[in-house]
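Engineer: This is the structure, below, for whatever I ask next.
The values are calculated or read from the model by the stated rules, or taken from the named source; none is laboratory data. Being a predicted model, the structure only gives us computed values, none of them experimental. Note that each Cβ is placed from the backbone with ideal geometry, even for glycine, and that neighbours are counted across all protein chains shown. For accessibility, only protein heavy atoms count, side chains too; no ligands or nucleic acids. Shrake-Rupley method; radii C 1.70, N 1.55, O 1.52, S 1.80 Å.
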Amino acid sequence: MDREKAIKAIQDLLDALGEDKDREGLRDTPRRVADAYAEMLAGEGQDATEHLSRTFEDTSGGMVVESGISFSSLCEHHMMPFFGTVCIAYIPDGKVVGLSKLARTVDVFAKRLQIQERMTQQIADEIMRVLSPNGVMVVCEAEHTCMTCRGVKRPGTKTTTVAVSGSFPDDARREVFARMALAKQQ
């Protein structure tokens, strides 16, 4: 990010809004906003392979589920935050990844200008590509401030997206995961 250019853009925005950018409350705002965007968009250019490549042998064949992974992101349409939780399930094919690495993978894709639908699929695709499990499912539930604070103004509205890659051999596993994912998200 070109920090100086971002600071100048925020100064110009304050001018365009008719604000006095030199008044005490706004004096440091352009710098603070630029720093906030740098932090919120820190996933751009990161590669989740770094997090998912450290694996451990496991031949148990059971499904691994990590739920309640909190995240925040920025909607690419309005540059307003959306936030919520992600639930990930995968069926290992001989190797598992450390659980913190799944949360770090979520951050890689959440910390960029994003849409929820694409983010959910990117997480599933990356886990599938790097870990080569028998199957992966990702459920993401989020509240979008571009919908709660502007436009239709519907606070509390949640959007759920689901991505599935590979195969889950029986419907019972899908059902268990779906119930767990939805229960943990409420």
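Engineer: Sort out which residues of region 121-152 are open to solvent by 30 Å² or more (accessible area, probe 1.4 Å) and in a helix (DSSP H, G or I), and write them in order of number.
Structural biologist: Within region 121-152, Gln121, Gln122, Asp125, Met128, Arg129, Met147 meet the criteria.
Engineer: Further question on the same structure: Give all pairs with beta carbons closer than 6 Å in which a residue from region 63-82 that is aromatic (Phe, Trp, Tyr) meets a residue that is open to solvent by 50 Å² or more (accessible area, probe 1.4 Å) and part of a strand (DSSP E or B); count only pairs at least 6 apart in sequence or on separate chains.
Structural biologist: none
Engineer: What are the residues in region 155-186 that are part of a loop (DSSP other than H, G, I, E, B), at pLDDT 90 or above and touching a helix residue (DSSP H, G or I) at 6+ places or on another chain (Cβ under 7 Å), if any?
Structural biologist: Matches in region 155-186: Pro155, Thr157.
Engineer: Another question, if that's okay. Any chance you could count how many residues in region 115-128 are farther than 13 Å from Leu102 by Cβ and either β-branched (Val, Ile, Thr) or in contact with a helix residue (DSSP H, G or I) (Cβ under 8 Å, 6 or more places away or on another chain) (or both)?
Structural biologist: Total satisfying the criteria: 4.
Engineer: For region 129-170, what are the residues that are under 22 Å from Phe56 (Cβ atoms) and within 17 Å of the chain's Cα centre (by Cα)?
Structural biologist: Hits for region 129-170 are Val136, Met137, Val138.
Engineer: Among the residues of region 103-120, are any assigned to a strand (DSSP E or B) and among the small types (Gly, Ala, Ser)?
Structural biologist: Checking region 103-120: not a single residue is assigned to a strand (DSSP E or B) and among the small types (Gly, Ala, Ser).
Engineer: Sticking with this one: Looking only at region 133-153, how many residues end up being among the β-branched types (Val, Ile, Thr) and out of contact with any strand residue (DSSP E or B) (no Cβ under 7 Å at 6 or more places or on another chain)?
Structural biologist: Number of matching residues: 2.
Engineer: Being open to solvent by 20 Å² or more (accessible area, probe 1.4 Å) and more than 16 Å from Met128 (Cα to Cα): is that true of Thr85 here?
Structural biologist: yes
Engineer: Consider Glu66 carefully, then state whether it is closer than 30 Å to Ser167 by Cβ and either of a type outside the set (A, V, I, L, M) or open to solvent by 30 Å² or more (accessible area, probe 1.4 Å) (or both).
Structural biologist: yes
Engineer: Give Glu39, Glu24, Glu4, Glu57 a once-over and let me know the one that is within 14 Å of the chain's Cα centre (by Cα), more than 18 Å from Gln116 (Cβ to Cβ) and exposed (fewer than 13 other Cβ atoms within 10 Å of the Cβ).
Structural biologist: Exactly one of Glu39, Glu24, Glu4, Glu57 is within 14 Å of the chain's Cα centre (by Cα), more than 18 Å from Gln116 (Cβ to Cβ) and exposed (fewer than 13 other Cβ atoms within 10 Å of the Cβ), namely Glu39.
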